[in-house]
Amino acid sequence: MLQPPHSSLQVAAVPAQRVPVRDRDQDAPWHTEAVCRRDEAGLFFAPSKEPTAARLSREEAAKRVCARCPVMVECREHALLQPEPYGVWGGLTAAERRVVLARRRRRDVELKNAARTTGRIAAAG
Ligand code: SF4
């Protein structure tokens, strides 16, 4: 990992077991363009016992990095599909990703129900 250019934003070092999460996906094409590879990896994962104010500040700083990342969409989908349980990915915190996933599940159920209803109407007609 390269030394980040804006170390003043760093809140804490990334726990060693969490750094490789991004580095595990070496085969993913989007990964090579990830801004966070040259950036402050400490912004993306919470250190243990991080106070709420510090977490919010760190997450906002991470999101600012994501906002200028050319692979934000790919990264976000990766994190949603895995799903990645920790950290900021694709500009979303873990809690925000849970909300997106819950919405997707609800939408899938609604689509399934609509398809069933349509099938019943078609069969009856
Ligand atoms: S969107 Fe954010 S977390 Fe994802 S690769 Fe880009 S900078 Fe890293």
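The values are calculated or read from the model by the stated rules, or taken from the named source; none is laboratory data. This structure is a prediction, so every number in the text was calculated from the model and none was measured. Quick reminder, even Gly has a Cβ in these numbers, built from the backbone with ideal geometry, and neighbours come from all protein chains shown. Surface areas here come from the heavy atoms of the whole protein model, side chains and all, with no ligands, DNA or RNA. Shrake-Rupley method; radii C 1.70, N 1.55, O 1.52, S 1.80 Å.
Of all residues in segment 46-90, count the ones that are of a type in the set (S, T, N, Q) and within 13 Å of the ligand (Cβ to nearest atom).
Of the residues in that region, 1 qualify.
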| query | So how many residues does segment 72-90 have that are surrounded by fewer than 20 Cβ atoms within 10 Å (Cβ to Cβ) and not in a helix (DSSP H, G or I)? | reply | 5
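Considering only segment 89-117, state which residues are of a type in the set (V, I, T) and at pLDDT 95 or above.
T93, V99, V100, V109
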| said: Please pick out the residue among P29, P5 that is at pLDDT below 95, loosely packed, with under 11 Cβ neighbours inside 10 Å and touching a helix residue (DSSP H, G or I) at 6+ places or on another chain (Cβ under 9 Å). | reply: P29
| query | Given (1) modelled with pLDDT of 95 or more; (2) open to solvent by 80 Å² or more (accessible area, probe 1.4 Å), where does R120 come up short, assuming only one miss? | reply | (1)
